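Got a structure for you, questions after.
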Amino acid sequence: MKTLLSSLIMLSFILFAVSGKGIDNQTREQAGSENDQVVQIYSTPDMVELTSHWISGFEKSNSNAKVVVNEIVNKSQIAGGQVYLTSEVLETEPSWKMVIGHDIVVPVFNVKNPLIEQLNKQGLTSDDFSRILSENTNWSTLINEGNPTSIHVYVSDNEQVISKLSGFTGLTSEIIRTKNIVSVSELVSTVQNDVFAVAFCKLTDVLNSEENSFAGQIAILPIDKNENGQIDGYENIFNNPQELTRGAWIGKYPKELCGDIFAFADGQPKNQVVQEFLAWVINDGQESLGALGFSNLSSREKASGMLALSEPVVAPEPATSAPGFPAWGVLFLVALAVLLVVAFVRFKRKQKAGIVSEDIAITPALNVNSVTAPAGLYYDKSHTWAFMEKDGQVKIGIDDFLQHITGQLTQVKLKTAGEKVRKGEKIFTIIREGKQLEIYSPVSGYIKHYNEDLLSNPEKLNSSPYADGWVYQIEPANWLRETRFMFMADKFRDWLDDEFTRLKDFLATSANSNSLVYNHIILQDGGELTDNVLADLGPEVWEDFQTHFLDSSK
C-alpha cells in the first residue's frame, strides 16, 4: 500500500489534469500559446547557478519550453506577476511561497591553520562558537595547548546567516553584528590569506562546484554535534560538499544552521510552463542540489510543494456552474480536501506523540517464508549471491531478503568493467529516493561485465534479483576458497532465521527514539515485520542499517 504522502502527490498531479479538462476554449488557446513563450524566472545572485542548472534540465525533458533566468541586482526590481527564486530572508511575507530546497550556513577556516589536525579530530561545539562570536577569544581557549593567537572572526553580511547563527549559538543578532560583518568576496579573500581566521557564511559562498570541493585554502570547521569532545565517524561529513549536503539531509548537521530556499510570487503562478517548471524542480530537479551546495527536500516537503502548485478551486453555485467542469470534478476536489484534512489530523497526532519520520504504510508480513532462495546458488553474509556459469565466469547480485527490506529501488551505482575487486569490498550502491546502501562483494576477481539494464531499470533488482537483476559478471580469482564460507540454499534459510531476529533487534534499537514508528513496522499478529520495512523510514535509519546491520555482518 502506498503511503499517504505518495497518494497526496499523485492526487496533486491528477488535480492538474482535472483543472485542465475544465478550461474553456479561450483558456485552452492561451495555455497552448504559453508553450511558445519565453518564460522569465527571477533569481537572487546566490541562486543563479542553481536556477540555470534547473532550467537546463527542465528544457531537456520539455523540448518546447523556453525559460530564462534574470538576476535580481536589488530588491527594488521585485515586481508583481513574477516568480522569484531566493534563499534570502524576505522583509514581508509573500502571498504565495513554496520551499524548493535547503541551504547551509557553515563555519570556515584556513587549511594552513597550525591547529587543523586537532580541530578536525576534536571539532567545536555550539558553546565554542558562541564564545568565538561573543568574546575576544584566542585559539588556546578552544584547543588545549593551542596557539595563544587571537581568533579573527568574520561574518557574511547576509541576514539569513546572522539569523541562523543566532539560533545555533543562542546569541542575539546584535551581539553577532559586533564582529566583522563583510561581503562574501571579502570574507573568502580574508580567510584564504589569514591562517587564524574563522568566518561564517553559506556553503554556496565557498564552493567549487565543478570539482566538488571548497574554494582554495578554505576548509569547513568541523562541528561536534553530540558534544562529546571528538568528531565521531558518524559526524565526519566535512571532507567535501556532497558529503556535507548529504549529511545535512540525513540530520548529521545542526538543523539550526540549515535554511530554506524557495520560490515566491504575489499569487499562485498561473502560467502553465512556470507550474511545470516548479513541479519539475521539486521532483527531478532535486538531483542538482547536492553538487551545488544545497540540500534536498524530504518526501513530505515534495508533497507540500505539489499541493502548493495545485490551484484551489471553489465549487460554483449549481445555477451558474462553470462550463466544461463536470460534477465529478467537484466531487474529486471535495475528496482531495477530505484527504488533506485526514493527513493534517494524522500529522498533528503524530507530532504530539513525538513522530518526526515519514508516514509508514502497512504492508504484508515479511518472514523467512517470504524470501526466495533458488537452489544451486551460493549465498553470502553480505546478502549477495554468486553463481558460476559454464564459461567459468561468476554472476553476482543481491539476495531476495535485501530487496524485501529496501522496497523498490530507484537507482544503482556500478563500477566499470576491468576493475579489480576483493571479497568484502564495497562493489556497488543501491538507492531508493536518495537513501542508499553500500553492498559488499561476495567474491574476489575482475569485473568483466556489468548489467547495463539496471542503470535505466533499477527496479529489476526487486522484481528479478536472481535473473534479470544480476549486477556483475566477474572473472573469479579465489572461487574455491571463498565459496567455503558461503551458504547453499538450505543452510541459507537456517541462517535467515537468525538474520530476521537480528533485524528486529536492529529496528528496535534504531527506532527507539520513535516507538510509534516501530509499532507501525511490527504487525500486531505475532510481531512479524512488514514487507519493505526500510522503504519509508528516514535516511538516518538507512545509515544505521548500513553501519549496524550490513557492515557488522561482514
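The values are calculated or read from the model by the stated rules, or taken from the named source; none is laboratory data. Model, not experiment: these values are computed from the prediction. Note that each Cβ is placed from the backbone with ideal geometry, even for glycine, and that neighbours are counted across all protein chains shown. These area figures cover heavy atoms from the full protein model, side chains too; ligands, DNA and RNA do not enter into them. Shrake-Rupley method; radii C 1.70, N 1.55, O 1.52, S 1.80 Å.
So the check is Cβ under 7 Å with 6+ separation or different chains; which pairs have a first residue in segment 113-132 that's in contact (Cβ under 8 Å) with a residue 12 or more places away in the chain and a second one that's open to solvent by 20 Å² or more (accessible area, probe 1.4 Å) and among the small types (Gly, Ala, Ser)?
Gln122/Gly229; Ser130/Gly170
Say we look at segment 382-397 and pick out the residues that are in a strand (DSSP E or B) and open to solvent by less than 30 Å² (accessible area, probe 1.4 Å); which of these is nearest to Tyr440 (Cα to Cα)?
Let us first name the residues in segment 382-397 that are in a strand (DSSP E or B), namely 384-388, 394-397.
Filter once more, so that each one left must be open to solvent by less than 30 Å² (accessible area, probe 1.4 Å): 384-386, 394, 396-397.
Values: Thr384: 8, Trp385: 11, Ala386: 12, Val394: 15, Ile396: 11, Gly397: 10 Å.
My answer is Thr384.
Residues that are part of a loop (DSSP other than H, G, I, E, B), of a type outside the set (Asp, Glu) and at pLDDT below 95: does segment 328-346 have at least one?
We begin by selecting, within segment 328-346, every residue part of a loop (DSSP other than H, G, I, E, B); these are none.
No, segment 328-346 contains no residue that is part of a loop (DSSP other than H, G, I, E, B), of a type outside the set (Asp, Glu) and at pLDDT below 95.
Looking at segment 518-532, is at least one residue open to solvent by 20 Å² or more (accessible area, probe 1.4 Å) and either within 18 Å of Ile439 (Cα to Cα) or modelled with pLDDT of 85 or more (or both)?
Checked segment 518-532: at least one residue is open to solvent by 20 Å² or more (accessible area, probe 1.4 Å) and either within 18 Å of Ile439 (Cα to Cα) or modelled with pLDDT of 85 or more (or both).
Another one. Based on this model, can you work out whether Leu454 counts as among the hydrophobic types (A, V, I, L, M, F, W, C), modelled with pLDDT under 95 and surrounded by 14 or more Cβ atoms within 10 Å (Cβ to Cβ)? If you could, list the steps in order and put the result at the bottom.
On the way: among the hydrophobic types (A, V, I, L, M, F, W, C): yes; modelled with pLDDT under 95: no; surrounded by 14 or more Cβ atoms within 10 Å (Cβ to Cβ): yes.
Criteria not met by Leu454.
If a residue must be closer than 21 Å to Ile104 by Cβ, of a type in the set (Asp, Glu) and out of contact with any strand residue (DSSP E or B) (no Cβ under 7 Å at 6 or more places or on another chain), how many such residues does segment 149-183 contain?
Residues meeting the conditions: 1.
Here's a follow-up. Looking at Leu278, Leu309 in this structure, which one is modelled with pLDDT under 90 and either within 20 Å of Ser87 (Cα to Cα) or open to solvent by less than 50 Å² (accessible area, probe 1.4 Å) (or both)? Working first, answer last.
Working: Leu278 fails: modelled with pLDDT under 90.
Result: Leu309 is the single residue among Leu278, Leu309 that is modelled with pLDDT under 90 and either within 20 Å of Ser87 (Cα to Cα) or open to solvent by less than 50 Å² (accessible area, probe 1.4 Å) (or both).
Could you list, in sequence order, the residues of segment 461-497 that are open to solvent by 50 Å² or more (accessible area, probe 1.4 Å) and among the acidic types (Asp, Glu)?
The answer is Asp468, Glu475, Asp490, Asp494, Asp497.
Check Val161, Val188 and return the single one that is at pLDDT below 95 and surrounded by 15 or more Cβ atoms within 10 Å (Cβ to Cβ).
Residue meeting the stated conditions: Val161.
Output the residues belonging to segment 259-298 that are assigned to a helix (DSSP H, G or I) and over 21 Å from Pro241 (Cα atoms). Show your work before the answer.
Taking segment 259-298 as the starting set, the residues that turn out to be assigned to a helix (DSSP H, G or I) are 272-281, 284-288, 290-292.
Correct list: Gln272, Val273, Val274, Gln275, Glu276, Phe277, Leu278, Ala279, Trp280.
Also: What residue, of Thr92, Thr86, Thr169, is modelled with pLDDT under 90, on the phi < 0 side of the Ramachandran plot and open to solvent by less than 30 Å² (accessible area, probe 1.4 Å)?
Thr86
Follow-up question, since we're still on this one. Restrict the check to segment 219-235 and report whether at least one residue is in contact with a strand residue (DSSP E or B) (Cβ under 9 Å, 6 or more places away or on another chain), open to solvent by 30 Å² or more (accessible area, probe 1.4 Å) and among the polar types (S, T, N, Q).
no
Of the residues that sit in segment 143-158 and are closer than 20 Å to Gly123 by Cα and under 33 Å from the mean Cα position of the chain (by Cα), which one is most open to solvent (accessible area, probe 1.4 Å)?
Top of the filtered list is Tyr154.
Moving on. Residues that are touching a residue at least 60 places away in the same chain (Cβ under 8 Å): find the helices (runs of 4 or more DSSP H) completely inside segment 146-194 holding 2 or more of those.
159-169, 184-193
Go through (1) among the acidic types (Asp, Glu); (2) closer than 25 Å to Leu503 by Cβ; (3) out of contact with any Lys or Arg (no Cβ under 7 Å at 6 or more places or on another chain) for Glu438 and report which single condition fails.
(3)
Ala197 passes all but one of (1) modelled with pLDDT under 95; (2) closer than 25 Å to Ser156 by Cβ; which number fails?
(1)
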